[in-house]
Every structure is written in structure tokens, then in C-alpha cells.
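Have a look at the structure below before the remarks.
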Amino acid sequence: MTNRYAVVLAAGQGTRMKSKLYKVLHPVCGKPMVQHVVDQLNTLNLQELITVVGFGAEKVQDQLGEDSHYVIQEEQLGTGHAVLQAEDILADKEGTTVVVCGDTPLLTGKTLQKLLDQHDEQKAKATILTAHAEDPSGYGRVIRGGNGQVERIVEQKDASEEEQAIQEINTGTYCFDNAALFEALKNVSNDNVQGEYYLPDVIEILKDQAEVISAYQTPDFSESLGVNDRVALSKAEKLMKQRINEQHMRSGVTIVDPEQTYIGPDVKIGQDVVIYPGCVIEGDTQISDDAVVGPHSTITDCHIGKETVVKQSVAANSRIGERVQIGPFAHIRPQSSLGDDVKVGNFVEVKKASFGDGSKASHLSYIGDAEVGSGVNIGCGTITVNYDGQNKHLTTIENDAFIGCNSNLIAPVTVGEGAYVAAGSTINEDVPAEALSIARSRQTNKEGYANKMKSIKKD
């Protein structure tokens, strides 16, 4: 099998975005555009992936990490000049090099594979990914000869009126014989309106050398979308959202209103899950069969078990078991773990806490930095008082304990197995197993107090 390499062009600042954020780092469905591109390229079994960076280089490297090698384009002198920056790494290697722009988040690995397949079948020196555009404005046009073979690509600003009427456009994605690419780049000129070194000029150079130039036309024009401003970013977001939601629905997920449901590209969802409108589900989230999410829930980086129901709630970076009931209006904060058959009800906040199987905090409680055993009942208004102003402390509630309403558990403290805490108590010492702890002031009734206060007011 031919060795395969890839070059990602990600050096442009993207001034039309009018943003402090480097262009290719703008997210589409929660993932930076350049990460979408690299993830798709990584499906191709590459020997080497190189990202050409410029402005904002460090931030791109922070995002992609070890997924890529990096070269710097100090001056923005065009796409041909950008690819040339990878010469020291690739020039002496045999194989095929794919060149992709880092602002094309809708491009798929499937299409890239078809591009490579055509390149191999045609024994081409270069193969262009093209698309048919109803409105080709702004794109380079693919110029074919009388025999249908590709002759050259002309940029919009350099195209004649006749050439501008052509609707087959260059998507900016190519694959080349690697050695031929870098040899041809030496002959690319900047004699054009912009004074730049265009990568598409390599096509004409190879054509003049009587080399085979091929083109694969993708049937999905949306994959060609390059994001250069916020308008295009919103289009990419909409198209990606539609693609993701359709994939889930075809796999057995019920999405009640796809237009109002936002699911990240890395989310995994089982069969017969129901997702109601207004939900945002993102990151490394996995939702198992028969769960119900929403409406208007936000789930980030969570693993959710079978038959769990999450209503109008927020959960992040947590593990949630099977048949769990969450919400409405609950908040599961990071590093929490809920066992099976747990209930976390309305206006309950759970932070860095674990709940054993069958435990309940049904309403109006804060359970933070806590280890809650199995079969525990936490009454309304309970607070684990975990912060002393400097440090966080752990509350432990052992199996089958019962915490009465409006109790404060001053950490560090342990409530033993099967123990009871009376409603309204403030507990600052350990409660032994099977004990009843009452920590509240004795009630005192002042007879006739109301009439006394009325007489004082009259005076």
C-alpha cells in the first residue's frame, strides 16, 4: 500500500472572522474546525500529518497536541508557499500527500478516501476534490479541456467572465504524488493579482509536463464549505448539526425536534433513547439504551446508564447509573458518580459526590464533597457544609442512613450505617451506626407574646 501523508493549511489569521480567536479554532458543534479536519484525516491510516501554522500557532498546537507535526509559515504568501513549509519533512518521501484547509470542518473521511481511491485508480500525479456549486462565487473554477480532462484551476479574482460562469469549483482539497508536488512547487510563480504563490498552479505545471491530472466530484457540496466569516460559521454549524442528528436518528434514537437539539460530534447514544427539544449534549458523552433526556437539559462529558431520565437539568463530567431520576432543575457538577436507581430531584446540586444504589436526595439540597452509601434518604434542605473558608472537607453518609429535612452536616463528619439525623439538626460530630442524632435548640413557647407586641406598637 502506498504511503500516505497529509498537510493541513492552518496559518491564516482569518481577519474576516473579526475575532480574537484564531480562525481554525472557532468551534462547530462544540469542536474546533481544525480538530474536525484532523479527526477525519486520521481515518486514512496516515504515515505523517503536518499542520502549517502561523498566527496563533501555540494555540493550534495546544488543541491538536501530538496528533500532528507542525511547521510555521512566517509570512502569508499563499497556499503554495504554505505547503512548501513542509518540504523539510516530506520532500524526500515516496507516496501520496493529501492537502486540506483547516477551515473545512464538514469534509468527511469517507470523501477523502474516495479522493485517494480515484487518485490511485487513475495513476494520477494530482487529483482535485471538486463540487458542483449553484452559486460558485468566491471559489476557484476547474477548467477542463475538450476531452474532459482537468487542465488548470483559476482563482475567482483571476478568472475571466467566461471562466466565472463555470459551476464546477475547486474545494481546496487535493492529493498529489508527493515527489511531484514538491518538485512542481519550485516552479510556482507569484505573477498574479494577489502576488501570492497558489497551490492550484501546481496542477497546470504538472499538466504541461503531460502528467495525469484527475478530479473527484463529491456529491455533497456542503463538504466544500470553507469558513471565512461568522455567516459561514453559522452555516457550518447548522449543516453539521443536521448531519449528526440524522446519523443518530438512523441508528435508532428518537430526537423529537432535531432543529432544537444540539449534539456534539463525539457523543455516543444507544437505541431507543428519547431526546426532547432544547437539549445540548456534548463532549465525551455516552447515553445508554432507553434513556430519556430533556427537555432543555445540558449534558457534557457524562456516561448515562440505561433507562435513566434527565429532565430540565445540567450534568457535567460525571457517571450516572441505570434507572436514575434526575431533575427537574438539578445540577450534577463534575466528578460526581450516581449509582443505579438513584434519585436527584428538583433544585438539588451534587458536586464531587458519590451516591450508592437506591439513594435519594429528592429536593432542595446541596451535596458536595460527599460519599453517600446505598439506600440513603436525604431530606429536603440538607446541606453538606464542606468549605471552611480555606479547605474542602468530606462528608460520609453510610448505607441506609436517614437525614431529616433542613439538616446541616458540618464536614468532616460521618453519619453511620442505619443512623437517623433529626430534622433541623446541625451535625458537627460523627453519628454512630443505628443512632438518632438531634442537634437543635429546645423549643420554647412564649404565651401571649403576640398580644404584647401589639400593645407595644400602639404605644
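Taking (1) in contact with a Phe, Trp or Tyr (Cβ under 8 Å, 6 or more places away or on another chain); (2) part of a helix (DSSP H, G or I); (3) open to solvent by 10 Å² or more (accessible area, probe 1.4 Å) in turn, ALA180 satisfies each apart from (1).
Kindly check whether there is at least one residue in segment 83-97 that is in contact with a Lys or Arg (Cβ under 7 Å, 6 or more places away or on another chain), of a type outside the set (Ser, Thr, Tyr) and crowded, with 16+ Cβ neighbours inside 10 Å. Yes - at least one qualifying residue is present in segment 83-97. Given the criteria modelled with pLDDT of 95 or more, assigned to a loop (DSSP other than H, G, I, E, B) and out of contact with any Asp or Glu (no Cβ under 8 Å at 6 or more places or on another chain), does HIS296 qualify? In short, yes. Within segment 110-128, restricting attention to residues that are touching an Asp or Glu at 6+ places or on another chain (Cβ under 8 Å) and closer than 20 Å to ALA184 by Cα, the residue that is most open to solvent (accessible area, probe 1.4 Å) is LYS125.
For segment 255-286, name all the residues that are of a type outside the set (D, E, K, R) and farther than 17 Å from LYS241 by Cβ.
Within segment 255-286, GLY270, GLN271, VAL273, VAL274, GLN286 meet the criteria.
Across segment 314-352, the qualifying residues are those that are touching a strand residue (DSSP E or B) at 6+ places or on another chain (Cβ under 7 Å) and among the basic types (Lys, Arg), and the one among them that is surrounded by the most Cβ atoms within 10 Å (Cβ to Cβ) is LYS343. In segment 244-256, which residues are within 18 Å of LYS311 (Cβ to Cβ), open to solvent by less than 50 Å² (accessible area, probe 1.4 Å) and part of a loop (DSSP other than H, G, I, E, B)? Matches in segment 244-256: VAL253 only. With respect to the stated conditions, ILE153 fails to be aliphatic (A, V, I, L, M) and at pLDDT 90 or above. Of all residues in segment 16-43, those being under 17 Å from GLU282 (Cα atoms), assigned to a helix (DSSP H, G or I) and open to solvent by 30 Å² or more (accessible area, probe 1.4 Å) number 1. The sole residue among ASN147, ASN170, ASN190 that is touching a residue at least 24 places away in the same chain (Cβ under 8 Å), open to solvent by 20 Å² or more (accessible area, probe 1.4 Å) and out of contact with any Leu (no Cβ under 6 Å at 6 or more places or on another chain) is ASN190. Scanning segment 44-77 for residues that are closer than 22 Å to LEU225 by Cβ, open to solvent by 50 Å² or more (accessible area, probe 1.4 Å) and either of a type in the set (Asp, Glu) or within 18 Å of the chain's Cα centre (by Cα) (or both) yields one hit, GLN63. Candidates GLU155, GLU134: the one that is over 15 Å from SER222 (Cα atoms) and within 36 Å of the chain's Cα centre (by Cα) is GLU155.
Residues are listed down the side, and each one gets a yes or a no for (1) touching a residue at least 60 places away in the same chain (Cβ under 8 Å); (2) crowded, with 16+ Cβ neighbours inside 10 Å:
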site: LYS207; (1), (2): no, yes
site: THR218; (1), (2): yes, yes
site: ASP229; (1), (2): yes, no
site: SER234; (1), (2): no, no
site: LYS241; (1), (2): yes, yes
site: ILE263; (1), (2): yes, yes
site: PRO277; (1), (2): no, no
site: THR285; (1), (2): no, yes
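Of the strands (runs of 3 or more DSSP E) lying entirely inside segment 353-402, the ones with 2 or more residues being out of contact with any Gly (no Cβ under 7 Å at 6 or more places or on another chain) and either open to solvent by 20 Å² or more (accessible area, probe 1.4 Å) or among the basic types (Lys, Arg) (or both) are found at 360-372, 383-385.
The values are calculated or read from the model by the stated rules, or taken from the named source; none is laboratory data. This one's a predicted model, so the numbers in the text were calculated from it and none came from an experiment. FYI the Cβ positions are ideal-geometry reconstructions off the backbone, even for glycines, and counts take in every protein chain you see. In case anyone asks, the SASA skips ligands and DNA or RNA and just uses the protein heavy atoms, side chains included. Shrake-Rupley method; radii C 1.70, N 1.55, O 1.52, S 1.80 Å.
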